[in-house]
1. Tilt of helix 2-32 relative to the longest C-alpha principal axis of the chain, in degrees (0 to 90, nearest 10)?
2. If exposed means no more than 13 neighbouring beta carbons inside 10 Å and the site is in a DSSP loop, what's the longest run of the chain without any exposed chymotrypsin sites (Phe, Trp or Tyr not before Pro)?
3. Can you give the longest run of the chain that contains no GluC sites (Glu not before Pro) sitting in a DSSP loop with at most 13 other Cβ atoms inside 10 Å?
4. Could you list the residues of region 88-124 with an amide nitrogen less than 20 Å from a label point located 7 Å from the Cα of M194 in the Cα-to-C-beta direction?
5. Could you tell me the number of lysine pairs in the chain with C-alpha atoms less than 26 Å from each other, where the two lysines are 8 or more residues apart or belong to different chains?
6. When a footprinting reagent is the concern and you count Cβ atoms within 10 Å, what order do K92, K275 take, fewest first?
7. Taking only DSSP H segments of four or more residues, each worth -39500 (n - 2.57), what value at 222 nm results for the chain once the sum is divided by all its residues, to the nearest 500 deg cm²/dmol?
8. Please label the shape of region 1-141 as rounded, prolate or oblate, based on the square roots a ≥ b ≥ c of the eigenvalues of the alpha-carbon gyration tensor (a/c under 1.5 means rounded; beyond that, a/b larger than b/c means prolate, else oblate).
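Rule-based calculations on the coordinates, nothing more; no lab input. Given the structure is predicted, the values throughout are model-derived calculations rather than measurements. All Cβ positions, glycine included, derive from the backbone under ideal geometry; neighbour counts span all protein chains shown.
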Amino acid sequence: MGALRRTHWLAHLVLIAGVATFVFPVYMAIIGSTHDLGTIARGELSLRPGPHAIENYTRAWESGQGERVRGTPVRRMMTNSLIMALTIATGKIAISILSAFAVAFFAFPLRMFFFWMIFVTLMLPVEVRIIPTYKVVSDLGMINTVPGLTIPLIASATATLIFRQFFLTVPDEMVDAAKIDGAGPMRFFWSILMPLSSTTIAALFVILFIYGWNQYLWPLLITTRSELNTVVIGITKMIGTSDAQTDWQLIMATAVMAMLPPVAVMILMQRWFVKGLTETEK
């Protein structure tokens, strides 16, 4: 019994140490965003909040202009990131669930061939596909546009595979009962499959929203205008090329604000997210 208790406490200590390791840098970013540039530059940053929080956050939100950096207002960058994340998440889910529905419930020529063609894209790294994707987007005139930022990232083989595997668990009796009741394919999809898939959709939405919010490589390639910068790109540009060109207090304030939407989505949808990942019987 004593050995079991010691193991129990040891596990908790390891978990606490892991949480502290991840949380401490975030805490220091929050603290740094409340101090002025001189305090940070002199290496006198303490573990207590400073008196410049309102000033730093207001300046970052409204103008993005520091003593040494001329950036884009955070409100503009976060709007771009929010549009990108929501479009990618909803677009991926909509296209994937319809693709999986077609593959799982309809018999048409080359059905499995098309499914495996979708599946094979999982084996191709983004870097392999990014040059031809950029060429297509450029030829369509979508450089420096919101559709150019979002549309190429909407297709998702992973979500299609997840939905297909779930649809295959739907009993044939349920499909037959819907047919007997006179439900057509789309009525069956909206009235039966969509409610059954709600937790899976919620879990995928959280994952895909964070995926879209954190995009870096594609926005870096597809946009050159500052008004289309996402918050991840904006933070990188604010850092500059050396410490002498950096307003660290504004960067930390921007980073803290950039964390809020993904954290809010995760907290608000936590119950559905966990249920969608752990539930085996729908």
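1. Roughly 60 degrees between the two axes.
2. Values: sites that count: F106, Y216.
Longest gap between qualifying sites, sites excluded: 107-215.
3. Numbers: sites that count: E44, E67, E279, E281.
Here the longest segment lacking exposed loop sites spans 68-278.
4. 88-106
5. Working: K92/K135; K92/K275; K92/K282; K135/K237; K179/K282.
Taking the chain as the scope, the lysine pair count is 5.
6. Details: K92 25, K275 15.
So the residues, fewest neighbours to most, are K275, K92.
7. Numbers: 15 runs with 192 residues, N = 282.
Helix-only estimate at 222 nm: -21500 deg cm²/dmol.
8. Values: a/c = 3.13, a/b = 1.38, b/c = 2.27.
It is oblate, given that a/c is not under 1.5 and a/b is not larger than b/c.
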